[in-house]
1. Can you list which of the GluC sites (Glu not before Pro) found in the range A:60-93 are DSSP loop residues with at most 14 other C-beta atoms within 10 Å?
2. Using just the helices of chain B, give the 222 nm mean residue ellipticity in deg cm²/dmol: DSSP H runs with n ≥ 4 each add -39,500 (n - 2.57), and the total is spread over all residues, rounded to 500.
3. Using only Cα atoms, tell me the angle between helix B:32-45 and the longest principal axis of chain B; keep it within 0 to 90° and round to the nearest 10.
4. Please report, largest first and rounded to whole Å, the three semi-axes of the ellipsoid equivalent to the range A:32-102, where each semi-axis is the square root of five times an eigenvalue of the C-alpha gyration tensor.
5. Rounded to the nearest 10 Å², what accessible area does B:Lys205 show when all protein chains are kept and the probe is 1.4 Å?
6. How large are Rg and Dmax for chain B when calculated on the C-alpha trace, in angstrom?
7. On a straight-distance basis, which lysines could pair with B:Lys70 in a cross-link, Cα separation under 24 angstrom, same-chain partners fewer than 8 positions away excluded?
8. Please state the relative contact order of chain B as a whole percent: Cα pairs under 8 Å, 6+ residues apart?
Amino acid sequence: MTSKSRLRTTMTAPYVVLTSLALGLGACASKVPAPVEQMATSRAAMAQAERAGAGEFAAVELLAAREKLNKAELAMREGRNAEALRFAEQAEADAVLAEAKARSSQSTKAVEDMRQAIETLREEIQRKSR
Amino acid sequence: MIIKHTSGRNSLLAVAMAVSLASCASAPKPNPQLDEARTIYRSAASDSQAAKSALVELRSAEEALQQAEKLQAGGADPVEVSHYAYLTKQRSRIAMEVARQAAARQKMEDAKLQRDRILIESRTQEAERAMASAEERRMEAERARQLAEQRLGEAERARAEAVAAQQRATALAAQIEDLQAKQTERGMVLTLGDVLFDTGKASLKAGAMRTIDKLASFLKENPGRRILIEGHTDSVGSEAFNQTLSEHRAESVRDAVVERGVAAERIAIEGLGEAYPVASNDNAPGRQQNRRVEVVFSDDEGQFKQGPDAR
């Protein structure tokens, strides 16, 4: 996040007032540029999560990411850039989590399958050696 | 945020001041989302697997948490604090998922090793079983070969025995032929004629000895056989005399055979007098035929076709 507010208490009173006003406007009005780059990053993260199978293994996280991306787009269209940036950043985090969850779930499932296969193999060998 | 236009410079300044203070310098109030973010981050950071395999993700969560803390301490907009708190939570979760995946990968490696070990073990066992089974088949073949050999040997022995039996039968036939014995319904019977005895006496003439020799040697060569020696007379003279004579003649033959080394137990004798003529007693040739000694032979097992007392 880029917007930063600092009060400098060492300043004399009139400057304090003016500076405060300037900073206040800076923080609250839309001086934040449209988060075009972050939107692209978030969309890429979404696509990667989908490719990793998040639709099956992390549906909740993927849905949250998609909703936040939509909200970010809407906010950006309406000029609420700071809000758009926040939604876009959260969408990226949700998408990356969805991807990580999909991958770990698949790995866990693969381990289970392998153990099952080993068990079957064991039984087969036992049967053969009888 | 809306700034109202008011007349008067002081009023404007006051409003601006108030707005600034309200937005940026309000006293920090507790933020529950930040509390939650701290908890989740701590939990992820204390996970040993995450510390090993999700360092980048943990670092990124930590940065978001530091940002959230700084904003909170600076009394920033709660929306901003919550935003960084949210990023902290999600990045902590990402770190944990990455750790989970790394753990699963490790387990997969272990499982593959285990599977390979089992497969190798199984193949080894299979090979051992195959070898054992081959050995068993080899031994079975060997047993079959030995059995066949044994059968062959038995057949050979049986054949040899048959040949020997045949030879014995042939030899016996020759001996019987030599003895001039006859096959009768009582078995083999040798008749010693009257001419071999002194007239009216039991003693054997010298000419009888050739026949006695043959009889003795036959008995020696066929140790299973026994003989029954029967004395017979014609009807001339008293019955008592004839009875005694027939007995004595049978004894004479027995003694001569025993003298030539045949065990006496193998020989039975019987005087039958004039009771069993083989021809008419009305003429001289008939009577001569009736004066005789008959030797009845048992079979190889010492059995007579009819007992010695069958008559």
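1. On the way: sites: A:Glu61, A:Glu67, A:Glu73, A:Glu78, A:Glu83, A:Glu89, A:Glu92; in loops: A:Glu78.
Those that pass, being in a loop and sparsely packed, are A:Glu78.
2. Details: 8 runs with 198 residues, N = 311.
My calculation for chain B gives -22500 deg cm²/dmol from helical runs alone.
3. 40 degrees
4. Details: eigenvalues 103, 19, 12 Å².
So the equivalent ellipsoid measures 23, 10, 8 Å along its semi-axes.
5. Approximately 80 Å² for this residue.
6. Answer for chain B, Rg first and Dmax second: 66.7, 201 Å.
7. A:Lys4, A:Lys31, B:Lys29, B:Lys89
8. Numbers: 372 pairs, mean separation 43.4, N = 311.
Answer for chain B is 14 percent.
The values are calculated or read from the model by the stated rules, or taken from the named source; none is laboratory data. This is a predicted model, so every value here is computed, not measured. Here the Cβ is made from the backbone with ideal geometry for all residues, glycine too, and neighbour counts use every protein chain on show. In case anyone asks, the SASA skips ligands and DNA or RNA and just uses the protein heavy atoms, side chains included. Shrake-Rupley method; radii C 1.70, N 1.55, O 1.52, S 1.80 Å.
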